[in-house]
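Since the structure comes first, as C-alpha cells, the remarks are kept for the end.
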Amino acid sequence: MAKLYSFIATIILGTFCIILCTSCQKKFNCEDCTLIDTTGNTAIYTFKGAPNNCTGSFTNGNYFVGIPLGSGNTIQLVLNVTTPGAYSITTSTINGTRFFASGTFTSIGEQSITLSGQGTPASTGTFNYKPITSDGCIFSIKVNSAPPAIATFTLAGDPGICTNAKFVGNYISGKALDNTNKVTISVNVTSIGNYSIQTDTLDGINFAASGKFTQTGIQNLTLAGFGTPDFARDLTFKLKGDTSTCTLDITVINPEPVATYVLESGFGNPNPCTYTLQGVFATAVPLSNSNTVSMRVYVTVIGNFTIATNTLNGMIFSYSGTFTQLGSQIVILYGTGTPIAPGNNTFIPQIIGPHPLGGQSCAFDINVQ
C-alpha cells in the first residue's frame, strides 16, 4: 500500500511540474523543475557604424574648458538590439570626461540611447570617445575655451536721468556723427567681465560702447555716437545697461546760420501760443498735412530754425525752415503720428537750439475725438 501511495504522489508531482513549465512566464528546467529568471538576461546589441564613426549620433550641449558637464551634455547613439535585456555602456575617461548609460532593452531592432556626460574638460580640442566594448563606434566632442565672464553693473541715476552725463561734440541736423561725438556716463561695477551697452536709436543716431571692466567700483564709461541726425530736435535717449536703465537728454540743432527769435504768447500757465488749429483729430486716424498749427513768432536775426512739440498721445508737431525776414510772422507746424486715445492734449512747442532772447516755449490744446 505504501508503494501505491508513493507511485500516486510521483504522478501528481510530475503533473504539477508539467503545468508550471507550460504556463509560467519564466523558463524552467522541467527535469528538476528549477526556475530560471530571464529578467536578468544581458542584452546583445551592436553600435551602428562600428568600428568606425557612430552613424546617426547627435551631440547635445556646449563643452568648455574648466566648466563641469551638466544634464544638457549628452550624446545620442543608435544601436541594433538582437536580444533584449539589461545594458550598461560607458566610455573611457578622456580629457577629464566620460559618457555612460544603463537600462533595459525590452525589444529588438534599431533604437537610440542617450549617454550622459560626466567630469570637467581639461583642455581645448577635439576628442574621440568609444564605448568600452569590442564592437563600439567612435564619436567626437569639441571642447572650446571657456566663455568670457559677463560683467554686472548699474547705471548711475537708474531709473531716471543718467547722473553726471557729459556730451562732447556738435550735434547738427544732416551732419554725420564722428569720433568727436561722445557721451561719458558713470557706472558702478559689481563684478568684472565683458560689457555691452547702448541707447535706443532716435532721429537716426544712437550711442554705444563695449569692452571689459577689469575692476569693480564706480567709474566713468564713454559711449561713441553713431549715425546722422535727420532733424533738429530735443531728444531723450534710453540707455540700457546690465540690469538698469537711465535717460540721456541731447539737442540736435540746425546748421549755421541759426536764427534768433521768440514764440509769441499770452499770459497763463503755461503761456498760450498765438495760434490757429486746422484739421480733424480723431482716435486711430493718422495725421496728414491738413493737421496743422499756425503760430506767430518774432524774428530778430534771420537764419535756420526748428520749432517742435513734445510727443503726446501719439502725435508730434514740428517745422524746420529758414527765416528770410525780420519781425512778426507765422510758422505752420505740421502734425505727424496717430492719436491713441480721445481727450484734451496740451502741446508745448519749443525753439530747438539757442534762444538768447527767451520766449522759448508756449502751449496749445488739441481735443481728440
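The values are calculated or read from the model by the stated rules, or taken from the named source; none is laboratory data. No experiment lies behind these values; they were computed from the predicted model shown. Here the Cβ positions follow ideal geometry from the backbone for every residue, glycine too, while neighbour counts run over all protein chains shown. To get the accessible areas, we keep the full protein, side chains included, count just its heavy atoms, and leave off ligands, DNA and RNA. Shrake-Rupley method; radii C 1.70, N 1.55, O 1.52, S 1.80 Å.
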Using only the Cα atoms of the chain, what do you get for the radius of gyration and for Dmax, in Å?
40.2, 146
Pairwise centroid distance, computed over Cα atoms, of region 134-186 with region 46-97, Å
38 Å
Quick one: net charge around ALA224, please, counting Lys, Arg +1 and Asp, Glu -1 for every other residue with C-beta under 12 Å from its C-beta.
0
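Any idea of the accessible area per residue across the chain, 1.4 Å probe, to the nearest Å²?
Details: 19990 Å² over 369 residues.
On a per-residue basis, 54 Å².
Please work out how much length the chain gains when fully extended from THR222 to GLN369, using 0.36 nm per residue of separation minus the C-alpha to C-alpha distance, in nm with one decimal. Could you put the intermediate results ahead of the total?
Numbers: separation 147, 0.36 × 147 = 52.92 nm, distance 4.61 nm.
Answer, rounded to one decimal: 48.3 nm.
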Can you give the log10 of the normalised intensity I(q)/I(0) at q = 0.08 Å⁻¹, computed with Debye over equal Cα scatterers of region 107-266?
-0.46
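In percent, how large is the relative contact order of the chain, given Cα pairs closer than 8 Å and 6 or more residues apart? Intermediate values should be presented prior to the final figure.
Details: 939 pairs, mean separation 37.3, N = 369.
Relative contact order of the chain: 10 percent.
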Please compute the Kirkwood hydrodynamic radius of region 246-369 from all pairs of different C-alpha atoms, in Å with one decimal.
15.0 Å
Taking 7 Å along the Cα-to-C-beta vector as the label spot, tell me the ASP200-GLN329 distance in nanometres, rounded to one decimal.
3.5 nm
Residues of region 58-86 with the amide nitrogen closer than 17 Å to a label point 7 Å from the Cα of ALA146, along Cα-to-Cβ, please.
62-70
Please turn the phi angles of region 63-77 into ³J(HN,Hα) values with the Karplus equation 6.51 cos²θ - 1.76 cosθ + 1.60 (θ = phi - 60°), one per residue in order, whole Hz, x for glycine and proline.
10, 10, 4, x, 10, x, 5, x, 5, x, 9, 9, 9, 9, 10
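If you roll a 1.4 angstrom probe over the protein chains with everything in place, what fraction of the accessible area of the chain belongs to carbon and sulfur, to the nearest %? List each step's numbers first, then the result.
On the way: 10890 of 19990 Å².
Whole-percent figure for carbon plus sulfur exposure: 54.
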In debye, nearest 20: dipole of the chain around its Cα centre with unit charges on the Cβ of K, R (+) and D, E (-)?
800 debye
Take the alpha carbon atoms of region 294-341, find their radius of gyration, then divide it by 2.2 N^0.38 Å using N residues; give the quotient.
1.34
Rounded to the nearest 0.05, what FRET efficiency is calculated for THR214 and LEU357 with R0 set to 56 Å and r the Cβ-Cβ distance?
0.65
Whole angstrom only: what separates the Cα centroid of region 338-358 from the Cα centroid of region 206-245?
27 Å
Computed FRET efficiency, Cβ-Cβ of ASN269 and ALA341, R0 25 Å: what is it to the nearest 0.05?
0.55
What does the extension gain come out to for LYS175 and THR126, with contour length at 0.36 nm per residue minus their alpha carbon separation?
12.5 nm
Could you check the simple spin-label distance between VAL285 and THR133, using points 7 Å along Cα→Cβ, in nm with one decimal?
7.7 nm
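Per 0.36 nm of contour for each residue apart, how much would the distance between SER320 and SER294 grow if the chain were fully extended, relative to their Cα-Cα spacing?
Values: separation 26, 0.36 × 26 = 9.36 nm, distance 1.35 nm.
Gain on stretching SER320 to SER294: 8.0 nm.
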Restricting to the chain, what percent of DSSP beta bridges are antiparallel, rounded to 5?
95 percent
